Structures are given as C-alpha cells and as structure tokens.
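Just below is one structure, and these are the notes that go with it.
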Amino acid sequence: MTRAEKESIVEELLQKFSENNHFYFTDPQGLNVERINNFRRLCFKKGVEYKVYKNTLIKKALEKLDADYTSFDDTVLKGFSGILFSNDSSNAPARIIKEFRKSEKSEDLLPLLKGASIETDLFIGEENLDMLSKLKSKVELIGEVISILQSPAKNVVSALQSSTHTLAGLVKTLSEREG
C-alpha cells in the first residue's frame, strides 16, 4: 500500500469518526467469509456501517480527533479490528452483535467487542456489551422526559374533568389523593 493510499484511508477514517458519534471496535478474527458476510448484511439492514481497517491507520485517524483515545492503543487496537459506525443510535451496534450471535447460534461469541466510543465516552472490553445494548437512544430519552413532564399536567386535567368541573370536586379529588 502506498503512502498516498494510507493517507487517503486515514482521511476517510477521520471523516467517519467525525460524522459518527458512536463507533464500536470488534475482533472479527475467527469468522469465516460466509459469517462475516452475514454480519455485514445484518449491519447494512440495521443502518450501521461495518469495515475492517489496519490498526496503525485507525490510530493515526484517532490521534487527529479532539478527544483522547490513547486508552484504546494498548488494549483495543491489537490484532484484527473491525469498526461499526452508527450516528443515530448508541446501542444499535451492540444490539447487532448480540442479534448476530443468536442468529448464528454460535458459542464462540464472535465477533468480540473490543471497545466502543459513545459520544467520546470510552468502553473497553467484551463485558460492556450487555450494558451498551441496553443504553437508551437520544430519541428514547427525550420521549421519557416529555412523558414525565406531561404527567403532572395530565393529573390536574383528569382531576378537573372527573368531578364535573367544580372547585369543590377538585378540592375533594386532591384531598383524597393526599389522604
């Protein structure tokens, strides 16, 4: 690979890291061609991009970013490295890995999760996969906050409507709730 090709790949990676707030590093070693193609298809169906890169090129791209990814150097960026890029959902790549493992009925837990960056927060190791798959997306969190904020207003409206719109009915309803 020429120097120009390497620089081009580093720039491509830098752009992908900048565009995607969430990316996961996996170890695909041990997957045969058929299984890796099945994994890529699943990623494509779920709107997540999956590519394999050389670790040295990944390191060079990460060094150019504003955040500190040096803790990935010794642990995550060893051996083979595949990267799952997701802009919309922080938990989508983790869910894809778990779904793939179930669908393949594989006991070898491949691909292995080596690490993840969620909004520049770093998670290192396979033991984080379950927790990452349960993270709520930004849209889900906003929905929960809105429903929590609407809840008190709904209670007041229902109290007003339940007692024939009279002040006495409202006082009675409120006193029954407190008592």
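Looking across D74, D27, D68, one residue alone is at pLDDT below 95 and in contact with a Phe, Trp or Tyr (Cβ under 7 Å, 6 or more places away or on another chain). It is D27. The set of residues in the stretch 20-42 that are acidic (D, E) and outside any helix (DSSP H, G or I) contains only D27. Over 30 Å from A4 (Cα atoms) and more than 16 Å from the chain's Cα centre (by Cα), is that true of E126? No; evaluated as a whole, the condition is false for this residue.
Residues considered: K59, K6. Of these, the only one that is outside any strand (DSSP E or B), over 19 Å from P111 (Cβ atoms), charged (D, E, K, R) and in contact with an Asp or Glu (Cβ under 9 Å, 6 or more places away or on another chain) is K59.
Check whether at least one residue in the stretch 46-56 is in contact with a Cys (Cβ under 6 Å, 6 or more places away or on another chain) and of a type in the set (F, W, Y), and report yes or no.
Quick first cut of the stretch 46-56, residues in contact with a Cys (Cβ under 6 Å, 6 or more places away or on another chain) only: 50.
Going one step further and asking which of them are of a type in the set (F, W, Y), we end up with 50.
Yes, some residue in the stretch 46-56 is in contact with a Cys (Cβ under 6 Å, 6 or more places away or on another chain) and of a type in the set (F, W, Y).
Residues in the stretch 52-72: is at least one assigned by TED's automatic domain parsing to the domain that holds L113 and on the phi > 0 side of the Ramachandran plot? No, every residue in the stretch 52-72 fails to be assigned by TED's automatic domain parsing to the domain that holds L113 and on the phi > 0 side of the Ramachandran plot. So, in the stretch 43-56, how many residues would count as being crowded, with 17+ Cβ neighbours inside 10 Å and part of a helix (DSSP H, G or I)? Qualifying residue count, the stretch 43-56: 1. Scanning the stretch 91-126 for residues that are at pLDDT 90 or above, within 23 Å of A67 (Cα to Cα) and not in a strand (DSSP E or B) yields a total of 6.
With the requirement that a residue be of a type in the set (D, E) and either surrounded by 13 or more Cβ atoms within 10 Å (Cβ to Cβ) or within 22 Å of R101 (Cα to Cα) (or both), what does the stretch 114-129 give you? Full working, then the answer.
Of the stretch 114-129, the ones of a type in the set (D, E) are 119, 121, 126-127.
Within the stretch 114-129, E126, E127 meet the criteria.
Of the residues making up the stretch 1-36, those that are within 19 Å of L77 (Cα to Cα) and of a type in the set (A, V, I, L, M, F, W, C) number 8. The residue that is farthest from the chain's Cα centre (by Cα), counting only those in the stretch 74-123 that are among the hydroxyl-bearing types (S, T, Y) and under 19 Å from S18 (Cβ atoms), is S81. Of all residues in the stretch 62-72, those satisfying the criterion of being closer than 19 Å to K6 by Cα and assigned to a helix (DSSP H, G or I) are L62, E63.
The values are calculated or read from the model by the stated rules, or taken from the named source; none is laboratory data. Being a predicted model, the structure only gives us computed values, none of them experimental. Glycine gets a Cβ as well: all are built from the backbone with ideal geometry, and neighbour counts include every protein chain shown.
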